[in-house]
1. Can you tell me which residue among 87, 63 is part of a helix (DSSP H, G or I), at pLDDT 90 or above and not β-branched (Val, Ile, Thr)?
2. Quick one: would you say residue 72 is hydrophobic (A, V, I, L, M, F, W, C), within 22 Å of residue 123 (Cα to Cα) and modelled with pLDDT under 90?
3. Take residue 95 and decide whether it is modelled with pLDDT of 85 or more, of a type in the set (A, V, I, L, M, F, W, C) and under 10 Å from the mean Cα position of the chain (by Cα).
4. Any idea which of (1) under 14 Å from residue 68 (Cα atoms); (2) modelled with pLDDT of 75 or more; (3) in a helix (DSSP H, G or I) is the one residue 130 doesn't satisfy?
Amino acid sequence: MSESRCQVLPESGSGAANATILIVARERLVRAVTRRILERQSFRILEACNAREAIAVFHANAREVHGAVVDLGMPGTGADRIAGEFRRTQPTLPILFTGSYGADVSAQRMIPDPTTGFLATPFGLEALAKKAGNLFGAASIPGNPTDPAR
């Protein structure tokens with residue numbers, strides 16, 4: 001089975017942080033809803049629908065990617081391997097895993113640290129906005145005027 005291409009290039013965000021988040025999910029609807037919610041929070045978005053594309057998009061944009069939303073149900077190369085590849089380049093990259101309630105244990109076992117989050121599907125607009133704000137918040141983005149390290 002060949003992997004389809006679904007890469008979507010980002011549009012300019014309007015927020016002060018303008019952080020870029022990579023969404024990795026096989027289902028177009030999931031990517032579209034996630035994108036819409038995150039864009040409302042002024043994040044720039046990159047998308048990938050399979051592991052190979054996710055890794056390629058990440059490496060091509062690694063300096064601009066501030067976080068990732070990864071579906072635990074990715075076929076083939078699993079979410080743990082995708083996250084591992086991202087973390088080889090950016091060890092503290094915030095990653096929000098999404099999946100069914102049972103997948104929460106898998107997410108916590110993969111990368112048990114404060115830069116990893118889990119959101120059960122199906123999720124609502126407020127739940128994703130809150131979780132994304134906490135995990136990818138503007139204060140954690142280097143160079144952002146609200147960064148406490150500045």
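1. Details: 63 fails: part of a helix (DSSP H, G or I).
Among 87, 63, only 87 is part of a helix (DSSP H, G or I), at pLDDT 90 or above and not β-branched (Val, Ile, Thr).
2. Numbers: hydrophobic (A, V, I, L, M, F, W, C): yes; within 22 Å of residue 123 (Cα to Cα): yes; modelled with pLDDT under 90: yes.
Against the criterion (hydrophobic (A, V, I, L, M, F, W, C), within 22 Å of residue 123 (Cα to Cα) and modelled with pLDDT under 90), residue 72 qualifies.
3. Working: modelled with pLDDT of 85 or more: yes; of a type in the set (A, V, I, L, M, F, W, C): yes; under 10 Å from the mean Cα position of the chain (by Cα): yes.
Considered against the rule, which asks whether it is modelled with pLDDT of 85 or more, of a type in the set (A, V, I, L, M, F, W, C) and under 10 Å from the mean Cα position of the chain (by Cα), residue 95 comes out as yes.
4. Going through the list (1) under 14 Å from residue 68 (Cα atoms); (2) modelled with pLDDT of 75 or more; (3) in a helix (DSSP H, G or I), residue 130 breaks only (1).
The values are calculated or read from the model by the stated rules, or taken from the named source; none is laboratory data. Please read all numbers here as calculations on a predicted model, not as lab measurements.
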